[in-house]
Every structure is written in structure tokens, then in C-alpha cells.
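The structure appears below as C-alpha cells.
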Amino acid sequence: MPTAEIKSRVFAKSFRECSAFLFGAWEKATGMNGVKRLLTVKDVALMLSAKESTVYQWAELGQIPCIKLNGSLRFDIDDISVWIESCKKQVTSAYNPLLRLEARKGGEN
């Protein structure tokens, strides 16, 4: 089997897994009867488009909220959502590239 075909199959599989997770994350996290279920490292890695080893490293360094149960890492989806929001950077510049584009086209300065 050519390597390009193998790569496309791997990408298609990971894309299917990721989109299935994104569309079903809330159902999986709440489970039956509204009881919260915890996410695994694999789930969080797919959600964040990161490697599982990176998620383990973040957890070890205390950079991502996690729960350790009998040696296994688990994540509360609400904590992860809050963590993602806290990682966002605020816009600090008033620079607008569209204004410069209009100046090039002969608009007023």
C-alpha cells in the first residue's frame, strides 16, 4: 500500500474520531441522567488537537486541571472549558490591516 494512501487513511480515521468527539462531547460528559462523566487523556487530546503525551506533561506540570483516580488521569469537561477560556489572549492592538489595504487602493489616509 503506498504511503500516501496510508497517511490519508490515518488522517481520515483521526478526523472521524475528532469530529465524533466534538459532536458528542457534551453527551458523553453528562452521561445518563445528567450525571457527569469524566474525560480521558485521549478525549482531551482530541478536543485540544494535541498529543496525548503533551496532555500528560501539562497535567504533570499542573498546567491543566485534572483528577487522578487510581493512577489514571481524568478531566472534567467544565474545568477544561474554563481553562480554555482562561488561555485566550485579549486583543491589545488597534492595528487593522484592512485600513492599510484601503490606503493602498487609493482610499483616503
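Within the range 55-99, the residues that satisfy the criterion of being among the acidic types (Asp, Glu) and touching a Lys or Arg at 6+ places or on another chain (Cβ under 9 Å) are 76, 78. When residues in the range 46-69 are screened for being surrounded by 12 or more Cβ atoms within 10 Å (Cβ to Cβ) and polar (S, T, N, Q), 3 of them pass. Report yes if some residue within the range 70-83 is within 17 Å of the chain's Cα centre (by Cα), surrounded by 12 or more Cβ atoms within 10 Å (Cβ to Cβ) and at pLDDT below 75; otherwise report no. The answer is no, given that none of the residues of the range 70-83 is within 17 Å of the chain's Cα centre (by Cα), surrounded by 12 or more Cβ atoms within 10 Å (Cβ to Cβ) and at pLDDT below 75. Cβ separations smaller than 8 Å between residues 6+ apart or across chains give the following pairs from the range 57-68 residues that are assigned to a loop (DSSP other than H, G, I, E, B) to residues that are small (Gly, Ala, Ser) and surrounded by 12 or more Cβ atoms within 10 Å (Cβ to Cβ): 66/59. Taken over the range 48-84, residues that are among the hydrophobic types (A, V, I, L, M, F, W, C) and more than 17 Å from residue 38 (Cβ to Cβ) amount to 2. Residues that are among the aliphatic types (A, V, I, L, M) and not in a helix (DSSP H, G or I) within the range 69-84 comprise 69, 73, listed in sequence order.
The values are calculated or read from the model by the stated rules, or taken from the named source; none is laboratory data. From a predicted model like this one, the values you see are computed outputs, not experimental measurements. For neighbour counting, all protein chains shown are included, and Cβ atoms are generated from backbone atoms with ideal geometry for every residue, glycine included.
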